[in-house]
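The values are calculated or read from the model by the stated rules, or taken from the named source; none is laboratory data. Just so we're clear, the structure is a prediction, and the values are computed from it rather than from any experiment. As a convention, Cβ positions derive from the backbone with ideal geometry for all residues, glycine included, and neighbour counts pool all protein chains shown. Surface areas here come from the heavy atoms of the whole protein model, side chains and all, with no ligands, DNA or RNA. Shrake-Rupley method; radii C 1.70, N 1.55, O 1.52, S 1.80 Å.
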Amino acid sequence: MNEEDLHLAKAIASMDMESSPKTPKKTLVSKVQEKIQGFSFSLGPSAATCPLEEVADSSSSSAGSPETTRRTRSLNAPSPVPQFGPCGRIMKNSAMVITIQDPASQRLTWYKPPLTVLVIKKLRDVSVLQPFVQLVQWLIQEKRMVVFVEQSVMEDTLLMNNSEFGLIKEKLMTFRDGKDDLTDKIDFIICLGGDGTLLYASLLFQQSVPPVMAFHLGSLGFLTPFQFDNFEEQVTNVLEGHAALTLRSRLRCIIVRKNEETSHKPPTNLLVLNEVVVDRGPSPYLSNIDLFLDGKHITSVQGDGLIVSTPTGSTAYAVAAGASMIHPSVPAIMVTPICPHSLSFRPIVVPAGVELKICVSPDSRNTSWVSFDGRNRQELFHGDSLTVTTSVYPVPSICSQDQISDWFDSLAECLHWNVRKRQKHLDELSDLTHSSSNDTLDSLDHTDHIDS
């Protein structure tokens with residue numbers, strides 16, 4: 001509709017409204033009016049980001065009101081409104097609707113007081129022994145909680161010689177990895193050590209994971225935001241429900257073997273927090289890996305291998321291979337090649353809802369090897385395939401401050417992100433204050449020669 005037709009339709013509408021009474025039945029003129037109104041909204045600057053009701057309200061409210069400046073609550077688009085212009089809409093399909101809570105509003109709450117706590121400590125580290133004893137003793141005596149530890153912790157010779165630990169040793173509950181099931185037995189997890197302790201907690205719980213509070217007592221500590229100095233106050237705040245959460249997505253990895261029907265072993269089905277890595281192993285040849293996305297062949301990877309990571313894992317192996325760093329609240333899967341024999345193979349980010357399939361190419365000279373968060377390494381043969389999807393069971397990591405502050409603090413402290421010596425102000429450069437833009441190197445050298 002051009003400008004002349006728009007003015008003509010407005011004139012017809014005004015003439016009809018003056019000459020004829022209102023009728024409940026829709027006339028052609030009323031339809032034209034609705035169409036004109038739709039064009040007026042679609043031509044407005046906020047029609048693409050606000051519903052019609054909000055546009056109407058914003059015309060009567062001030063520019064600085066909360067209604068006109070409020071942020072979006074959607075992770076998938078700039079606007080949570082599923083409409084585009086006066087006619088476009090997203091087709092409603094209940095099977096495809098996914099409700100994602102705003103990350104800024106994710107806070108921990110307990111519908112009943114936690115009674116059992118799993119304490120995971122870094123093994124073979126003397127510096128963790130005393131904090132471990134202090135924490136366990138305080139949880140048992142002050143908080144009256146049932147404390148679970150791994151059996152290997154009880155067999156630590158250095159810990160056995162600790163007199164304070166001997167007083168509480170009999171009150172601890174133990175479990176063995178791979179033999180005892182901790183599902184529905186643990187209310188709360190505390191990690192003492194580095195990032196590996198959080199990865200181990202993810203490995204122990206292959207379905208729903210209790211809230212995890214991680215103290216920085218390791219080497220890097222990117223995923224461990226809490227300091228142990230005032231642990232009593234911090235743990236008490238968490239137990240009272242005063243804490244923000246970061247829901248760290250995990251990947252479900254399933255290996256389908258070519259001869260699975262004849263094999264009596266159950267298929268490999270694991271959840272990983274950081275990444276799953278497919279590489280060439282000990283072979284001197286390039287990896288030749290086929291990558292499929294939702295059943296469609298995307299590309300073939302020729303290089304040392306492929307990294308499929310979560311946003312949490314983007315700051316681990318993936319960033320060392322040239323990938324971008326993604327905040328853990330972003331719903332995505334990262335695909336990063338390892339030393340690809342191609343100048344144009346860049347890392348990519350795909351939506352969290354897709355299904356990736358990785359298999360050894362039929363014409364590959366060698367097999368491939370796969371590892372899950374650095375564990376359970378096994379060989380992929382010709383005809384085998386690895387399926388990777390986003391799991392519905394994230395790891396609820398407790399924040400020390402909030403989601404944004406914790407992540408950027410870790411970037412600065414652990415990876416020294418964007419650390420650079422500050423550029424000097426022009427007033428600080430004495431050799432430039434006496435020169436002009438017309439000076440040449442020869443003239444400056446001549447001046448220095450005269451001064452000398």
How big is the accessible area of Glu155 in square angstrom, nearest 10, if you roll a 1.4 angstrom probe over the protein chains?
110 Å²
Against the rule of thumb 2.2 N^0.38 Å, how large the Cα Rg of region 226-269 comes out
2.29
With label points built 7 Å along Cα→Cβ from the Cα atoms of Lys265 and Ile404, find their separation and express it in nm.
4.8 nm
Using a 1.4 Å probe on the protein heavy atoms only, what accessible surface does Phe175 show? Give it in Å² to the nearest 10.
10 Å²
Where the Cα atoms of region 144-199 are projected onto their three principal axes, how long is each span, largest first, in whole Å?
32, 26, 23
How are the Cα pair distances of region 303-356 distributed, in percent, across 10 Å bins from 0?
28, 54, 17, 0
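May I ask you to rank Asp187, Asp373 by accessible area, largest first, using a 1.4 Å probe over the protein chains only?
On the way: Asp187 50, Asp373 30 Å².
In descending accessible area the options line up as Asp187, Asp373.
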Fraction of alpha-carbon pairs in region 329-421 farther than 14 Å apart, rounded to whole percent, equals 80 percent
Could you work out the pair-distance distribution P(r) of region 228-313 from its alpha-carbon pairs, with 5 angstrom bin width and percents rounded to whole numbers?
3, 11, 11, 14, 17, 13, 7, 5, 6, 8, 4, 0
J(HN,Hα) series, region 159-167, from Karplus relation 6.51 cos²θ - 1.76 cosθ + 1.60, nearest Hz, glycine and proline x
6, 5, 7, 7, 5, 5, 5, x, 6
Send over the per residue convex hull volume for region 269-414, Cα only, as a whole number of Å³.
122 Å³
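Between Ser152 and Glu233, what length comes free when the chain is fully extended (0.36 nm per residue of separation minus the Cα-Cα distance, one decimal in nm)?
That pair, Ser152 and Glu233, stretches by 26.3 nm at full extension.
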Strictly over 23 Å apart at the Cα level, which of Lys121/Lys143; Lys121/Lys179; Lys121/Lys171 would you flag in this model?
none
Under the 7 Å Cα-to-Cβ spin-label approximation, Glu164 and Val354 lie apart by a distance in nanometres of 5.2 nm
